[in-house]
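Here's the structure we're looking at; comments come further down.
Just so you know, all these numbers are worked out from the coordinates, no wet-lab data involved. In this text, all values refer to a predicted model and were calculated from it rather than measured experimentally. Neighbour counts run over all protein chains shown; Cβ positions are idealised from the backbone, glycine included.
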Amino acid sequence: MICTDSRLIKAGDVFVAVPCANSASHIQQALQLGASLVFTEEKLFSDSRVVIVNDAFLVASHLSRIAYPSQPENAVAVTGTNGKSSVAHFVSQIWQHCGTKSANLGTLGLFVNGNKINSLNIPNLTTPDALNLHKVLNWLGTNGVNCVVFEASSAALDQKRLHSVSLSSAIFTNFASDHLDYHKTREAYFEAKLKLFSEVLPQNQFAVIPSDEAYLYKKVKSVHTKIITYGYNQQSVVQAYDVNATINKIKFNLRIDKIVFENIEVNLCGIFQLTNVLAVVAWAYSTKIPVETIIKAIPSLTPLNGRMEHIAIYNGADIFIDYAHTADGFKNALLELKRYTTNKLICVFGCGGNRDVSKRSEMGKIANKVADVVIVTDDNPRDEDPALIRRAILFLCPKGIEIADRQKAIETALKMATTGDVVAIIGKGHETVQIYGSKKYYFNDKDTVLKLVN
């Protein structure tokens, strides 16, 4: 068997030591446990079982595909700073509308035809490591699942987890700064995303990209030859125009190539959600799904759990939760909800620990500018001091009210809320735990709100 975790090695296994701070000790452990072969970039070992390679991540990817060779015929990868989960969710819904057995793998786990699969024990990652990714794809391929869509994170692309997957298309949602704790620079972060189109997606398969982001468009076009675009300008292959959005519905006209469809409706909140829909329409059109089928499917699209989700009306105020945890996604969510606020926009949010620290004060600045009331609370502090995270947010947010306990923060927001208000509880979305150090406590924003209002 192929193994990338030295703790799980059994006699005769092949171990791939992907680069990390403890590679040497992992190799020693694997050899002691009886590994028959070890692939590594480390050059400190003279053992005959150790093979030195230039790129252990790529070796892990290739060997994983050899060990688990099957996969669905149609595999779609979705990358981007924001919107990956929603776009993947919509792709899966389009397939279901067509009567196709399909799977969706990403931040929320593995779903087949909308039903969550827990039996495979997949690590809780946006994109699993190469070995687990191919285990999942092999399981799907051998269980009659013809189509799969999955989220492709920047770290996964940097670590070549997808490099042995046979893709039929790939979607780029958007790009903004994030994950600088891992990539260090914005440029390195973008280059990691770009690998999906320069190294993974075959040149004869469609790259689906937004025409409204000039830098993104130019860069992808420089490395990939087959492109289909979506957006709001006339150069887009798929274009939305005459858009009219209310708090729970978007109406628009749609042009697909040269065909125009008027008065399309979708029950979603947020222009950025319409952008996600356009990405999926462009993808569907590129895969030869009939235009009439696409148009019929659009009104049936439903939001993903915890993504700009309207969960209650309380004292005349609309209560939303959203997973936005980047400065750009946070700004988009607040600006969208501000459009529908006739009184106060009340925002409850925090920032995660052990993540990009640069966005904390930026998100505080955005909240201070857009929201009328800001309550700064804990998200997932992880190994950091939660008080220091809150202080960083409050640095550029003078109107912020600091309430560490997230439940009390939500309670306070609801007590403030009156007719015409919108309460935006942002950052955790679908999550069901709150992480302090090594401890995880059950916490879900939606459940908390529903208990308080009922």
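General remarks:
- Beta-bridge orientation, the chain: approximately 35 percent antiparallel, per DSSP, counting only bridges with both partners inside.
- Sorted by Cβ density within 10 Å, fewest first, the residues TYR436, TYR285: TYR436, TYR285
- Derived scalar couplings ³J(HN,Hα) [segment 51-62; Karplus, 6.51 cos²θ - 1.76 cosθ + 1.60; whole Hz; x for Gly, Pro]: 10, 7, 10, 7, 9, 5, 4, 5, 4, 4, 5, 5
- With a simple spin-label model that places each label point 7 Å from the Cα along the Cα-to-Cβ direction, the separation between CYS98 and ASN204 comes to 1.9 nm.
- Summarising the strand pairing of segment 309-453, around 35 percent of its internal DSSP beta bridges are antiparallel.
- Chain lengthening between ARG382 and THR246 when straightened (0.36 nm per residue, less Cα-Cα): 45.3 nm
- For segment 2-54, pairs of C-alpha atoms spaced more than 15 angstrom apart make up 30 percent of the total.
- Relative to the Cα centre, the charge distribution of the chain, modelled as +1 at Lys and Arg Cβ and -1 at Asp and Glu Cβ, gives a dipole magnitude of about 240 debye.
- Close amide H contacts of ILE171 (hydrogens built in the peptide plane, cut-off under 5 Å, sequence separation of 5 or more or a different chain): ALA77, VAL78, THR79, VAL208.
- Residue-by-residue Karplus 3J(HN,Hα) for segment 311-325, coefficients 6.51, -1.76, 1.60, Hz, glycine and proline x: 10, 6, 10, 9, 6, x, 9, 8, 10, 10, 10, 8, 8, 3, 9
- Using θ = phi - 60° and Karplus 6.51 cos²θ - 1.76 cosθ + 1.60, couplings along segment 156-163 (whole Hz; Gly, Pro as x): 4, 5, 4, 8, 6, 5, 9, 5
- Gyration tensor verdict on segment 21-176 (Cα atoms; rounded if a/c is under 1.5, prolate if a/b is larger than b/c, oblate otherwise): prolate
- Considering only alpha-carbon pairs that sit under 8 angstrom and 6 or more positions apart, the relative contact order computed for the chain is 11 percent.
- When the inverse distances between all different Cα atoms of the chain are averaged and flipped, the Kirkwood radius reads 23.3 angstrom.
- Here THR142 and ARG339 are evaluated by their C-beta separation; at R0 = 60 Å the FRET efficiency comes out at 0.80.
- Residues VAL59, VAL291, VAL423, VAL38, sorted so that the one with the fewest Cβ neighbours within 10 Å comes first: VAL291, VAL59, VAL38, VAL423
- Sorting CYS147, CYS3 by the number of Cβ atoms found within 10 Å of their own Cβ, with the fewest placed first, yields CYS3, CYS147.
- Value of relative contact order over segment 101-149, rounded to a whole percent, pairs C-alpha under 8 Å and six or more apart: 45 percent
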